[in-house]
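In what follows, a structure is listed as C-alpha cells, so that the remarks can point back to it.
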Amino acid sequence: MTWLEYAVLGVFAVAAAIFGFRVWLNRLRQSALDDSDRAVSGKRIVLREASANLIGMRSQGLGAVRGNGVLTLTERSLQFVMWLPRRSFSIPLDSVGSVESPTSFMGRSKLRELLQVNFADERGEADAAAWVVRDLQAWTGALNERAGHRS
C-alpha cells in the first residue's frame, strides 16, 4: 500500500468512528427523552431542553457526577434525566426559593451564565442545582413565573 492509500484509509476510519460516536450519542439522548416523557406523562410541558448540561448539585458536593441530560419544566416541577449514567431527579416548583444566573457554580465555570435553581430538598434543607441551557432568559422567566417569583 502507498502512503496515499493509508491516508485515505485513515480518513475513512476516523469518519466511521465519528459517525458511530454521533449515533451512540443520539441514542443516549433519545433514550433519556423517552424516560423523561414517561416521567411527565399526562403533564403539560412548559419548556424542555434535550441537551442541558448539569454543572452540579450543591448537596452532592464537588465529586458529584455532571453531564448532559433532558431538562423538563412542567407546571409543577423541574425534572432532569441524565444521559449517562442514567440518573434523574425532580424539583417540585413549590420548593423553589429563587432562580439565579451566575457565571460559576461550586467553583465550576462554563464561561457563560448558568441556570441556578435554589430549592428546599425533601427534608426542607437548602440545596441548589445549576445547568447550562441554550435560552437562559426563557428558562429563568418560566421558572420564576411558575414558582411565584418576580423576574
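Bear in mind these aren't lab numbers, they're just calculated from the coordinates by the rules spelled out. Computed from a predicted structure; not experimentally measured. All Cβ positions, glycine included, derive from the backbone under ideal geometry; neighbour counts span all protein chains shown.
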Running a GNM on the chain with Cα contacts under 10 Å, which residue among ALA120, ALA16, ALA50 ends up with the highest mean-square fluctuation?
ALA16
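Exposed loop GluC sites (Glu not before Pro) only (DSSP loop, at most 11 other Cβ atoms within 10 Å): please give the longest stretch of the chain free of them, not including the sites.
That gives 1-74 as the longest site-free run.
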Could you work out how far helix 3-39 tilts from the main Cα principal axis of the chain, as a 0 to 90 degree angle to the nearest 10?
20 degrees
Tally Lys/Arg at +1 and Asp/Glu at -1 over every other residue whose Cβ is under 14 Å from the Cβ of GLN79; what's the total?
+3
Please determine, in degrees from 0 to 90 and to the nearest 10, the orientation of helix 136-147 with respect to the longest principal axis defined by the Cα atoms of the chain, where the helix direction is its Cα long axis.
30 degrees
Spacing of the two label points (7 Å from each Cα toward its C-beta) at SER88 and ALA17, in nm
3.4 nm
Above 23 Å lies some portion of the pair distances; for region 3-147, what is it as a whole percent of all C-alpha pairs?
40 percent
Would region 64-151 count as rounded, prolate or oblate if I go by the C-alpha gyration tensor, calling it rounded below 1.5 in a/c and otherwise prolate when a/b exceeds b/c, oblate otherwise?
rounded
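In terms of the Cα gyration tensor, with a ≥ b ≥ c the square roots of its eigenvalues, is region 52-106 rounded because a/c is under 1.5, prolate because a/b exceeds b/c, or oblate?
Oblate shape, in that a/c is at least 1.5 and b/c is the bigger or equal ratio.
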Put a dot 7 Å past each Cα toward the Cβ at SER59 and SER31; how far apart are the dots in nm?
2.6 nm
For each of MET106, MET82, MET1, count neighbouring Cβ atoms within 10 Å of the residue's Cβ, then give the residues from fewest to most.
MET1, MET106, MET82
